[in-house]
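Here is the structure we will look at, set down as structure tokens.
The values are calculated or read from the model by the stated rules, or taken from the named source; none is laboratory data. Here the structure is a predicted model, which is why all the values come from computation and not from measurement. Methodologically, a virtual Cβ is constructed for each residue, glycine included, from the backbone with ideal geometry; neighbour enumeration extends over all protein chains shown.
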Amino acid sequence: MQALLEQIEDKYRRLGQDPETYLKGLLHTRPLTYWDYIQVDTLLSLQHPRTDFPDEVVFIVYHQVTELVLKLVRHELDQLTTGPLPEVAVFEEKTQRLVRYTRLLSMSFSIMNQGMSREEYSQFRLALAPASGFQSAQFRYIELQCTPLEHLIPPQRRSAIRAGMSMWEKFQLLYWQDAGYDRTTGAKSLTLQQFEDHYLNSFIELAQRMERNNLYLRYLALAEQGKGTDALRSALRLFDYTFNVSWPLVHLQTAHTYLGSGHEQTAATGGSHWEEYLHPKHQKRIFFPCLWSEEERAHWGEVEATSP
Ligand code: HEM
């Protein structure tokens with residue numbers, strides 16, 4: 001006990017503080033509770049349905065759960081993409097975490113696909129336009145942290161990339177512009193306009209920071225030093241596949257469940273040509289292309305059987 005008191009005294013003296021003040025403070029602080037620490041009351045006060053349909057609460061809570069899990073993904077990515085190049089064991093361990101978080105999202109999507117009444121969904125969705133999950137910025141931050149911007153431009157449009165192009169110009173070529181940008185008229189949907197007004201500057205700032213530090217380049221740097229293990233490669237492949245194929249496929253399946261398909265298709269709240277836009281075989285987002293064979297890249301997103 002005496003040694004502990006001396007360490008505490010030493011800590012505060014080094015900070016130029018009087019240790020006695022802090023020890024006296026301890027006498028008065030309340031013991032910590034679960035609800036204060038986890039902020040349960042705040043968390044449970046954040047659901048504000050716009051209609052009285054009970055399943056709208058399922059819809060809101062599941063989106064919020066997704067955003068929290070995406071926060072965990074970004075938390076790991078922040079550590080992997082800033083500071084010195086991580087040791088391979090750390091890289092491997094954190095990539096395994098990325099796989100777990102992303103699997104959680106992909107496997108739990110049945111909560112959306114099977115867990116709401118279609119009748120209720122078709123009613124409450126009318127009160128949500130023009131908002132769309134498309135406007136989830138965390139998905140975009142994750143992409144920008146994982147791979148160079150060029151990989152987020154569809155292969156058929158990459159020839160338009162010119163030396164000296166500004167970040168803003170490159171952003172106009174990104175795959176996600178296809179959800180709301182009419183390239184012939186130059187018009188953007190309200191959903192896309194609002195999204196860019198709110199987030200584009202922060203996307204560009206992150207893309208600039210990631211130009212030399214994204215996860216793909218960091219993996220390549222490790223591999224160049226002969227440190228790229230099989231375990232790391234297979235974890236990165238699994239993460240790439242789960243984030244860019246498995247999740248988009250269950251999400252697309254859910255859009256079919258609620259919005260129909262073909263001639264029976266209903267317009268989405270974000271107004272995209274969603275049936276084509278959302279399919280991973282059209283988007284061809286691949287974070288770590290050198291980890292896939294030419295054949296695998298060519299058939300990206302076509303069949304679940306190509307899973308790693
Ligand atoms: C009933 C459930 C859902 C349906 C029917 C649905 C439908 C759609 C549709 C049609 C789009 C295309 C954009 C548009 O025109 O609005 C879209 C985009 C998107 N949604 Fe959902 N969605 C559902 C649930 C979710 C959930 C739970 C999330 C998690 C946050 C989410 C995240 C996204 C994202 C990130 C995009 C953009 C995808 C991309 O750019 O590739 N969606 N959604």
Notebook entry, point to check: When region 270-284 is examined, which residues are found to be surrounded by 19 or more Cβ atoms within 10 Å (Cβ to Cβ), in a loop (DSSP other than H, G, I, E, B) and near the ligand (Cβ under 8 Å from one of its atoms)?
Noted result: 270, 272, 278
Item checked: Residues (assigned to a loop (DSSP other than H, G, I, E, B), in contact (Cβ under 8 Å) with a residue 12 or more places away in the chain and either of a type in the set (A, V, I, L, M) or loosely packed, with under 14 Cβ neighbours inside 10 Å (or both)) located in region 34-81 -> 46, 47, 48, 50, 54
Next item on the list: Tell me which of these residue 223 doesn't satisfy, since it passes every other one: (1) farther than 16 Å from residue 151 by Cβ; (2) assigned to a loop (DSSP other than H, G, I, E, B); (3) of a type in the set (A, V, I, L, M); (4) modelled with pLDDT of 95 or more.
Entry: (2)
Margin query: Report every pair of residues separated by at least 6 positions or lying on different chains whose Cβ atoms are under 7 Å apart, first residue within region 271-294 and on the phi > 0 side of the Ramachandran plot, second in a helix (DSSP H, G or I) and within 14 Å of the ligand (Cβ to nearest atom).
Written below: 271/191
Margin query: Give all pairs with beta carbons closer than 8 Å in which a residue from region 122-135 that is closer than 15 Å to residue 58 by Cα meets a residue that is more than 10 Å from the ligand (Cβ to nearest atom); count only pairs at least 6 apart in sequence or on separate chains.
Written below: 123/51; 123/53; 124/49; 124/50; 124/51; 124/53; 124/56; 128/50
Margin query: For region 50-59, give me each residue that is more than 9 Å from the ligand (Cβ to nearest atom) and either in contact with a Ser or Thr (Cβ under 7 Å, 6 or more places away or on another chain) or under 16 Å from residue 129 (Cβ atoms) (or both).
Written below: 50, 51, 53, 55, 56
Notebook entry, point to check: Can you name the helices (runs of 4 or more DSSP H) wholly within region 104-166 that have at least 3 residues being surrounded by 13 or more Cβ atoms within 10 Å (Cβ to Cβ) and near the ligand (Cβ under 10 Å from one of its atoms)?
Noted result: 110-113, 137-146
Checklist line | Condition met for residue 85 (assigned to a helix (DSSP H, G or I) and either under 24 Å from residue 237 (Cβ atoms) or within 16 Å of the ligand (Cβ to nearest atom) (or both)) | finding: no
Note to self: Go through region 242-269 and report how many residues are among the β-branched types (Val, Ile, Thr), in a helix (DSSP H, G or I) and near the ligand (Cβ under 6 Å from one of its atoms).
What the structure shows: 1
Check: Taking the stated definitions as given, is residue 233 over 25 Å from residue 158 (Cα atoms) and at pLDDT 95 or above?
Finding: yes
